[in-house]
Amino acid sequence: MEPLAQKLDHLSITSQPSHPSTSSSSSSLSSIPAWILSCFAARDRAAFAAADNKHENHDDQMEIDSHPYHPPSLPKNTVFNHSSSGSSTEFTDAVWGRVFNHRRDYSLTPHVHAVVRPRSVAEVIAAVSYAKVTGKRVSVRSGGHSWAAWSVRGDAVLVDLCELGLSDGLPSLREGHGHHGHHGAYGQTEELVKDADQRGPAEACVWYDEESEVVACPPAMTGRELNDFLAEKGRMFAGGHCPDVGLGGFLLQGGMGWNCKNWGWACESVISMEVVTADGQHLLINNDSHPDLFWAARGAGPGFPAIVTRFYLLTRPLMEMYQSLYFYPVSLFKKVLQWEINIAPTCDPGMEIVCVSTHLRSNPNPTDTNPNSNPSPEPKDYDPEPTILASFTLFTTSRSAALAALQPIHDLHPPGTKHLIFCQPTSLTQEYTQQLLANPEGHRYCSDNAYIASDLSSSSPTTSPPSELSEVFGASSSGFHDHEQGAAALSVPDVLEKAFTTLPTVQSSALWFSMNPRSRHPLLDPQGQPMALSMQSDHYFAVYTVWSDPRDDERCTGWVKDVFKGLVEKREAVLVGSYLGDADFRVRRARFWSDECAKRLKEVRKVWDGEGRMGGFCEDKEGNDRVMDNGEGWV
């Protein structure tokens, strides 16, 4: 690798904005570690060199139908839709095989033009250039875990990033074209370590720099893959709780990761990233270079007007983990949730606090984390009554520190537990395995979410609610209490009672996730800069409806709509907004940003993708505009 000084002239060309505008870029890149600038320069030159040589290496390209504008050739690792019905097994699997949700709109398949699996930045640029010349859209897939399958778009070239960064030395990691399962595409840690040793920081799939404590990785890498790699270094990254969620979509949406209430959003730990824009530029973006794109990259989700090809993420020390779990009958839901709400602000800063309504598997040990004990459970394998689980997961330095943090919580827990576990050692590996049990593959999903107003009353309910609110939220006569002025008011448990006590299937769940104290601070990154991410409150609420029979689609999606109907109707009193990561624009549109950020996102998209080529929220421009209009409503 050449010294950094020899690359600065080249870097200055590719890192300055070529667009008018909102994108003024500082001439100083001093806040970014030198090794990142060096890596980007080397990767940028390699991409241009590959473009220059593409006509000399026809064996590495795939022949395509002739086009009057002679579009760039796509990589050989491309599957084209040569069937008018789009029904070929290979093509259908390329389009849908890595989509986690089996509630799929297969009518879109014939309208997808091609699926590209680039292995290099040059191949990403080629795919974007091809789409530009042929008038196609570009859709992007990292992990395939979005509930609404955002990566499948009509009249589009689907850029599936599942092999980006893989070398020919890792052939076993690229077997098959379907979903890569919970291990993702990048395989085992020892292979990644060997790859890093052989190829160095600019070319390796994943690279950790000890001095800066920053890791470089591709967007399709999953949180579990990255943390398996980082564990060897004594580090971790607070990625998604589900092990097979790709980092790309997760971070673009903001990233509600491990211990988000205290450590902040995962996107706050993104210090820089490499992207390919709608016109095929390869850029390094951060707070110093193309700050408007970097702003959008932390919260725009599928509305980001570029393709991320590499993240540079600040890691944190890998700590010991301990957990206390309290299992209650569903009849005690409101008492249990109110206890968690009240105690959350006083807990250790390493503490993640969750309340879940779930049907436990019929097993003598309700915390069995071995998915092989019953890998394909049937409804009969679950307890018919939901259980309320109060979970306290602690990242700390020692068992003694864990006892000191968890004992005060234990001393105050409400009576009536069916089962409890106090200060049990756990790990990311164990927690990922538990998540697999809650998110079975091969099922149909419908999700929705909301930030519930932080200022809803936190007192113990005492008086009856107004009849119209009782009907909307399904609250019991004991579900409301008086304001100091005497008017009836809602509490958070009142608002969530219907969702937590009436789950439509035994595999479904409802979640309350404490966000206090992060929610009490402005949404600025560690450098004090704003992000597109601009919605939060003390209380994050989500439902994950899970079923397997298509005949249950209407019933299950109807239940989700019915639950959120109450929130939408009374939004001024209870609803702050929603999180892109658990949203489905096919069902409901919500307030995903502050009005100011929604307006700015429209402007950034217009600057960087004026033709609307890249991804987007919906199938059509009008749908995209409606999402960014930032209002509540049903589709």
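The table below lists the values:
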| quantity | calculated |
| --- | --- |
| Among 202-212, 588-598, 274-284, the order from most to least packed when residues are scored by Cβ within 10 Å on average | 274-284, 588-598, 202-212 |
| Vicinal HN-Hα couplings computed from phi for the range 555-570 (Karplus, 6.51 cos²θ - 1.76 cosθ + 1.60; Hz; Gly/Pro x) | 5, 6, 5, x, 5, 4, 4, 5, 4, 7, 4, x, 5, 5, 5, 10 |
| Sequence-distant lysines (8 or more away, or on other chains) whose Cα lies within less than 27 Å of Lys498 | Lys261, Lys334, Lys335, Lys380, Lys418, Lys561, Lys565, Lys570 |
| In order through the range 115-131: 3J(HN,Hα) via Karplus (6.51 cos²θ - 1.76 cosθ + 1.60), integer Hz, x for Gly, Pro | 10, 10, 10, x, 10, 9, 4, 4, 6, 5, 4, 4, 5, 5, 5, 4, 5 |
| Per-residue Cβ neighbour rank within 10 angstrom, fewest leading, Ser129, Ser272 | Ser129, Ser272 |
| Residues whose placed amide H lies under 5 Å from that of Thr387, excluding near-sequence neighbours | Thr358, His359, Leu360 |
| Amide hydrogen neighbours beyond the local backbone of Arg588, cut-off 5 Å, H modeled | Val635 |
| Label-point separation, Ala231 to Arg316 (7 Å along Cα→Cβ), nm | 1.8 |
| Long-range HN-HN contacts of Glu320 with modeled amide H, under 5 Å | Thr396 |
| Nitroxide proxy distance, nm - points 7 Å out along Cα→Cβ at Thr397 and Ser212 | 2.8 |
| Label-point separation, Glu596 to Glu378 (7 Å along Cα→Cβ), nm | 5.8 |
| Cα gyration tensor shape of the range 238-289, rounded if a/c is under 1.5, else prolate or oblate by comparing a/b with b/c | oblate |
| Peptides 265-271, 341-347 ordered by average Cβ neighbours within 10 Å, highest first | 265-271, 341-347 |
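Every read-out reported here was derived from the displayed coordinates using simple, explicitly stated rules and does not represent laboratory data. Owing to the predicted nature of the structure, the values given are computational and were not obtained by experimental measurement. Methodologically, a virtual Cβ is constructed for each residue, glycine included, from the backbone with ideal geometry; neighbour enumeration extends over all protein chains shown.
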